[in-house]
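**Student:** Below is the structure I would like to discuss, written out as structure tokens.
The values are calculated or read from the model by the stated rules, or taken from the named source; none is laboratory data. All of these numbers come straight from a predicted model, not from anything done at the bench. Cβ: placed from backbone, ideal geometry, glycine included. Neighbour counts: every protein chain shown.
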Amino acid sequence: MNEKLQAWMEKVKSILNLFTQKKTVKSARITYQVVWNLFLLVMTVIILGGSFATGVGAGYFASLVKDEPVRSYNSMKKDIYNYTETSDLYFANNVYLGRLRSDLVRDEVKLDQVSTDLTNAVIATEDQYFYQHKGVVPKAVFRALFQEVTNSAMQSGGSTLTQQLIKNQILTNEVSFQRKANEILLALRLEKFFNKKEILEAYLNVSTFGRNSSGQNIAGVQAAAKGIFGKNASELTLPQAAFIAGLPQSPFGYTPFTRDGTVKKNLEPGLTRVKTVLKRMFDGGYITEKQYAEASAYDITKDFIKPVPNPLEKYPWLTFEIEKRSIEVLTTVLAKNDGYTEKDLQNDDNLFYKYKTLANHDLHQNGYKIYSTIDKDIYDAMQTVKDNYKYYGPNKPQVKIDPETGEEVTVMEPVEVGAELIENKTGKIISFVGGRNYNNQQLNHATSAIRQNGSTMKPLLVYGPAIELGKASPGTPLPDVALSLAYGRSTPWPRNYDLRYSGIVSARYALAKSYNVPAVKLYKEIVGQQPAKYLEKMGFTSLKKPDYSNLATAIGSMETGVTIEENTNAFSTFANGGKFIDAYMIDKIVDKDGKVIYQHEVKPVDVFKPQTAYLTLDMMRDVVKMGTASGVKSKLKFSADWAGKTGTGNEYIDSWFVATNPNVTFGIWTGYDTPKSLKTSGMSYSQRTNNLWAELINSAYDKKPDLVDPKESFQMPNGIVKRSFCAVSGMLPSAACSKAGLIQSDYFNVNNVPTKVDDSLVEGKYVAIGDNKYLALDSTPKEFAQVGLVLNPDFITRMVGRNFKNYSQLIPKRDRWGKILVPTAKMVDNGKNPDGVTLSVSGNKLSWSKSGDNDVVGYRVYQGNTKVASIIGGSTLSYKAGNGSYHVTAVDIAGKESAPSNSVEVGAATPPPAPPPVIPPAPTETKTAP
């Protein structure tokens, strides 16, 4: 042992001696210096190279971000919190309707309303160093850069939650070094301005999470929680939180739902992702091993909810209408905020398009709450009535072009319907019916279909304006005869719907019975004053230049037409005392901060004087009482003060009924989308329309009786008086009119009461042949003439013009007009003595044949040479005579008499006295033997 130790020590000593030798020491020093210098050289190269590389990298980075503006705190705050959030729609009275249609459904949520499991799952999965880094993790960035340069497979991303937020809200998804450099720069700046909670909250609201159970795209954890599991983000269980947290990496790969709202057949990618998320939560210390195991084994598929009804499915017409009107409202609001007026938008198409585009963007991305005027209960009730109504009429064939083949195909087209209920004093659209079946026809017939409004135009364009202009009153007499009122047309126009005429009628009666001739005749008298301007004030938007002068406009034949809403809305003008209040559906729009950015304001427009409005209303009451809508009252469940008007389009292609009471106005239209006649056998088209109107308004009454059935009636304003007048002329009664029994009373504007005495009737002689009456000549024998009331020729000229010849049409076929004679109903003298007649006798009754001359007015009966009777020509040609000899002559209108007829004897002539009877002598008596 000692020997070994001694030997070892000797070796060590020899080695030490070696290093202490001068030669060895010198050699070692040289080696050290060489190695050290090499080390210094290498370090210098490394430092210089690194500095150079850093400088080059910094320069390159600077070049990439040189165009990125220096963003302020306010600018970044606006961008980061500018969530694309779907707008909510509401019925009246804050009743929720649903979401506006959108490509992306989002619900904003505060961080404290999100479950801790969900926030932890997101951080563990997407950014484990979230609370440590300053917006960027350098190691992750270099790793991602290396993988990009070397084109190696990506093992993990290099983006923090902050960077992802920048990418989603400020930058794009473009794959480039420039975008990445801007992302890093902005992430560092964002972390400087905002704390971690603010950044995390923004991220949770902007990230996309695939589709909900209805197939809609969703963004934000609240929309994901509701759309996948049917609960708020604060109520999620651990497995549910893990499922949602895993979606952002591949939203449409991991989402459990298809775009059709059905559950995917292959859920494995999403279920595998859940386990990955749970593992990272466990590794990060967010959950225990027990929680990890239980959550991993949980069947998450049983928590998926069924599709939630989309408002588009149940309320398609309503949803689209609210969207359309909201865009219109916002277009004006945004333009006004920039200093533009509605007139500016109307005059500049480019300006209008710009703000309409902005409005559309804001509506679908700013999370507004849109409050409509539609009463849900009434709306639902009306749809039920519309769906169950059985008397629309038959489907009719329509030839269309197949868009795919280009071939003609025949389809059966149903009768469509459009209706709208408006509250008079506010203009609120309470409800509407857009059509029969949205899937078959998307056109909203209540708000967008433009149709001819037929006779519903008469109170709007003719009678209302005529009363306003002092040209008519309810009792004004108008001619309903075969007039040629069209310019350059000799044949009668217009015709009444029943192709008959009623003579002189009052304006009130003409409107109640919907006669066309009186309406056009009155309109022709005022058309020079452009009464169509009243339609402009009442909201008609489709008027064309010819509509201001075309007489056919008076009976609803327009160049294009009018919507059901516009037509119904116009009638509410009368209920509002002559003030037009524009109908509206969007009551207010509130942004996601609770600020009201739009509130509808009622802005009445003066159209008619209150007296005009009431007089027109009072006339339209008769339409419902005894006119073309008289059948409606028996169909109603309630009794309100209704005033309205029916209407039929040209060739029976449109059918209307619009009526108003002190609270609401309700209008309906039926017809085919491709114009064709509504006439069929059985129930008339007007009855079908009127009955549907009644059923719809009854359904509204069932839901809101106080709204639909006001207790009060229309109140007569000051300035209206009731006066008597002659029904023939409308002037103050004359003695002749009184004698004819044609004095009647009606209402007038106090400024338009008649002041002149009637001159339409004069006394004159006439002859009556049966039911016909003819004017007598001066030479007409008095025995055949009667004194009666005759229409003044000057009055007739004033009423119907000089070219009208069939004056007999002016006399209505009504009892009290029976005493009136028209001056053209006269018999013409043929210039010769009448032909004689043949007389016969039967007992004491004389009978004779009718004279062959048409101008014979009567017959004279003579006994011997004495005239014993005068018989009017239209009477029974007979006479009861006493004994004697008789003959008869015919007398014409001029008094000329025919030659005597043959003579006849009535009874025997007086016989001579009879001789006394001869009495023979009495015979002699003879006795015989027994």
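**Student:** Looking only at the stretch 664-712, which residues are touching a residue at least 40 places away in the same chain (Cβ under 8 Å), surrounded by fewer than 21 Cβ atoms within 10 Å (Cβ to Cβ) and farther than 17 Å from Gln383 by Cα?
**Tutor:** Of everything in the stretch 664-712, those that are touching a residue at least 40 places away in the same chain (Cβ under 8 Å), surrounded by fewer than 21 Cβ atoms within 10 Å (Cβ to Cβ) and farther than 17 Å from Gln383 by Cα turn out to be Tyr672, Asp673, Thr674, Lys676, Thr680, Met683, Gln687, Pro705, Leu707, Asp709, Pro710, Glu712.
**Student:** From the list Lys813, Lys867, Lys880, Lys850, pick out the single residue that is under 60 Å from the mean Cα position of the chain (by Cα) and surrounded by fewer than 18 Cβ atoms within 10 Å (Cβ to Cβ).
**Tutor:** Among Lys813, Lys867, Lys880, Lys850, only Lys813 is under 60 Å from the mean Cα position of the chain (by Cα) and surrounded by fewer than 18 Cβ atoms within 10 Å (Cβ to Cβ).
**Student:** If you don't mind, another one. Could you check how many residues of the stretch 254-296 are over 49 Å from the mean Cα position of the chain (by Cα), among the β-branched types (Val, Ile, Thr) and buried (at least 18 other Cβ atoms within 10 Å of the Cβ)?
**Tutor:** Of the residues in the stretch 254-296, 3 are over 49 Å from the mean Cα position of the chain (by Cα), among the β-branched types (Val, Ile, Thr) and buried (at least 18 other Cβ atoms within 10 Å of the Cβ).
**Student:** Here's something else I'd like to know. Counting only residues that are more than 30 Å from Glu313 (Cα to Cα) and either in contact with a strand residue (DSSP E or B) (Cβ under 9 Å, 6 or more places away or on another chain) or crowded, with 22+ Cβ neighbours inside 10 Å (or both), how many does the stretch 100-124 have?
**Tutor:** Final tally of qualifying residues: 8.
**Student:** Further, regarding this structure: Considering only helices (runs of 4 or more DSSP H) fully contained in the stretch 199-289, which possess at least 2 residues that are over 16 Å from Ser115 (Cα atoms) and free of Cβ contacts under 8 Å to residues at least 60 places away in the same chain?
**Tutor:** 251-254, 268-283
**Student:** Of the residues Ser490, Ser484, which single one is at pLDDT below 90, surrounded by fewer than 23 Cβ atoms within 10 Å (Cβ to Cβ), outside the structural domain of Val623 (by TED's automatic domain parsing) and polar (S, T, N, Q)?
**Tutor:** Exactly one residue qualifies, and that residue is Ser490.
**Student:** Another one. Can you find a residue that is among the charged types (D, E, K, R), over 21 Å from Ile228 (Cα atoms), assigned by TED's automatic domain parsing to the domain that holds Leu238 and surrounded by 12 or more Cβ atoms within 10 Å (Cβ to Cβ) anywhere in the stretch 297-305?
**Tutor:** no
**Student:** Same structure, new question: Filter the stretch 791-842 down to the residues that are modelled with pLDDT under 90 and of a type in the set (A, V, I, L, M, F, W, C) and list them by number.
**Tutor:** Selection gives Phe804, Trp817, Ile820, Leu821, Val822, Ala825, Met827, Val828.
**Student:** Could I ask something else about it? Select from the stretch 593-618 the residues that are charged (D, E, K, R) and either over 17 Å from Gly539 (Cβ atoms) or in contact with a Pro (Cβ under 8 Å, 6 or more places away or on another chain) (or both) and list them in ascending order.
**Tutor:** Correct list: Asp593, Lys595, Lys609, Asp618.
**Student:** Could I ask something else about it? Working carefully through the options Val856, Val888, find the one that is more than 19 Å from Gly503 (Cβ to Cβ), at pLDDT 95 or above, of a type outside the set (Phe, Trp, Tyr) and surrounded by 20 or more Cβ atoms within 10 Å (Cβ to Cβ).
**Tutor:** Val888
**Student:** If you don't mind, another one. Identify all residues within the stretch 349-390 that are part of a loop (DSSP other than H, G, I, E, B), closer than 24 Å to Ile597 by Cα and either at pLDDT below 95 or of a type outside the set (A, V, I, L, M) (or both); write none if there are none.
**Tutor:** Once the filter is applied, which keeps residues that are part of a loop (DSSP other than H, G, I, E, B), closer than 24 Å to Ile597 by Cα and either at pLDDT below 95 or of a type outside the set (A, V, I, L, M) (or both), the stretch 349-390 yields Gly367, Tyr368, Thr373, Asp375.
**Student:** Among the residues of the stretch 515-526, is any surrounded by fewer than 19 Cβ atoms within 10 Å (Cβ to Cβ) and under 30 Å from Ile581 (Cα atoms)?
**Tutor:** Yes, the stretch 515-526 contains at least one residue that is surrounded by fewer than 19 Cβ atoms within 10 Å (Cβ to Cβ) and under 30 Å from Ile581 (Cα atoms).
**Student:** Is it the case that the stretch 199-211 has a residue that's more than 17 Å from Gln169 (Cβ to Cβ) and buried (at least 21 other Cβ atoms within 10 Å of the Cβ)?
**Tutor:** Yes: one or more hits.
**Student:** Within the stretch 793-806, track down each residue that is touching a strand residue (DSSP E or B) at 6+ places or on another chain (Cβ under 8 Å) and surrounded by fewer than 18 Cβ atoms within 10 Å (Cβ to Cβ).
**Tutor:** Asn803
**Student:** Criterion first (surrounded by fewer than 20 Cβ atoms within 10 Å (Cβ to Cβ) and free of Cβ contacts under 8 Å to residues at least 40 places away in the same chain) does Ser779 satisfy it?
**Tutor:** So Ser779 fails the test.
**Student:** Could you tell me whether any residue of the stretch 211-218 is under 50 Å from the mean Cα position of the chain (by Cα) and on the phi > 0 side of the Ramachandran plot?
**Tutor:** Yes, that holds for at least one residue.
Residues are listed down the side, and each one gets a yes or a no for (1) in contact with a strand residue (DSSP E or B) (Cβ under 6 Å, 6 or more places away or on another chain); (2) of a type in the set (Phe, Trp, Tyr); (3) outside any helix (DSSP H, G or I):
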residue	(1), (2), (3)
Pro459	yes, no, no
Tyr463	no, yes, no
Lys471	no, no, yes
Gly475	yes, no, yes
Gly488	no, no, yes
Arg508	no, no, no
Lys533	no, no, no
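**Student:** Being under 22 Å from Gly895 (Cα atoms), small (Gly, Ala, Ser) and part of a loop (DSSP other than H, G, I, E, B) is the filter here; which residues of the stretch 782-837 pass it?
**Tutor:** Listed by number, the residues that qualify are Ala785, Ala825, Gly831, Gly836.
**Student:** How many residues does the stretch 268-299 contain that are within 20 Å of Phe252 (Cα to Cα), acidic (Asp, Glu) and touching a Pro at 6+ places or on another chain (Cβ under 9 Å)?
**Tutor:** Number satisfying all stated conditions: 0.
**Student:** Can you say whether Tyr766 is surrounded by 19 or more Cβ atoms within 10 Å (Cβ to Cβ), in contact with a Leu (Cβ under 7 Å, 6 or more places away or on another chain) and either assigned to a strand (DSSP E or B) or of a type in the set (Lys, Arg) (or both), as far as the supplied structure shows?
**Tutor:** So Tyr766 fits the description; yes.
**Student:** Regarding the stretch 608-623, can at least one residue be identified that is in a helix (DSSP H, G or I), under 17 Å from Gly454 (Cβ atoms) and without any contact (Cβ under 8 Å) to a residue 60 or more places away in the chain?
**Tutor:** No; the residues of the stretch 608-623 include none that is in a helix (DSSP H, G or I), under 17 Å from Gly454 (Cβ atoms) and without any contact (Cβ under 8 Å) to a residue 60 or more places away in the chain.
**Student:** Give just the number: which of (1) surrounded by fewer than 23 Cβ atoms within 10 Å (Cβ to Cβ); (2) hydroxyl-bearing (Ser, Thr, Tyr); (3) within 25 Å of Thr660 (Cβ to Cβ); (4) not assigned by TED's automatic domain parsing to the domain that holds Ala613 does Tyr501 not satisfy?
**Tutor:** Against the list (1) surrounded by fewer than 23 Cβ atoms within 10 Å (Cβ to Cβ); (2) hydroxyl-bearing (Ser, Thr, Tyr); (3) within 25 Å of Thr660 (Cβ to Cβ); (4) not assigned by TED's automatic domain parsing to the domain that holds Ala613, Tyr501 comes up short only on (3).
**Student:** Additional query: Could you tell me which residue of the stretch 355-413 is nearest to Asp103 (Cα to Cα), considering only residues that are in contact (Cβ under 8 Å) with a residue 40 or more places away in the chain and among the polar types (S, T, N, Q)?
**Tutor:** Out of the qualifying residues, it is Gln365.
**Student:** If you don't mind, another one. Is there a residue in the stretch 757-768 that is touching a residue at least 60 places away in the same chain (Cβ under 8 Å), more than 23 Å from Leu483 (Cβ to Cβ) and touching a Phe, Trp or Tyr at 6+ places or on another chain (Cβ under 7 Å)?
**Tutor:** yes
**Student:** Now for a different question. Taking the residues in the stretch 637-651 that are over 19 Å from Phe714 (Cα atoms) and touching a residue at least 60 places away in the same chain (Cβ under 8 Å) as candidates, determine which candidate is farthest from the chain's Cα centre (by Cα).
**Tutor:** Looking at residues that are over 19 Å from Phe714 (Cα atoms) and touching a residue at least 60 places away in the same chain (Cβ under 8 Å), I get Lys637.
**Student:** Taking only the stretch 321-342 into account, find how many residues are out of contact with any helix residue (DSSP H, G or I) (no Cβ under 8 Å at 6 or more places or on another chain) and either closer than 19 Å to Tyr438 by Cβ or among the hydroxyl-bearing types (Ser, Thr, Tyr) (or both).
**Tutor:** 4
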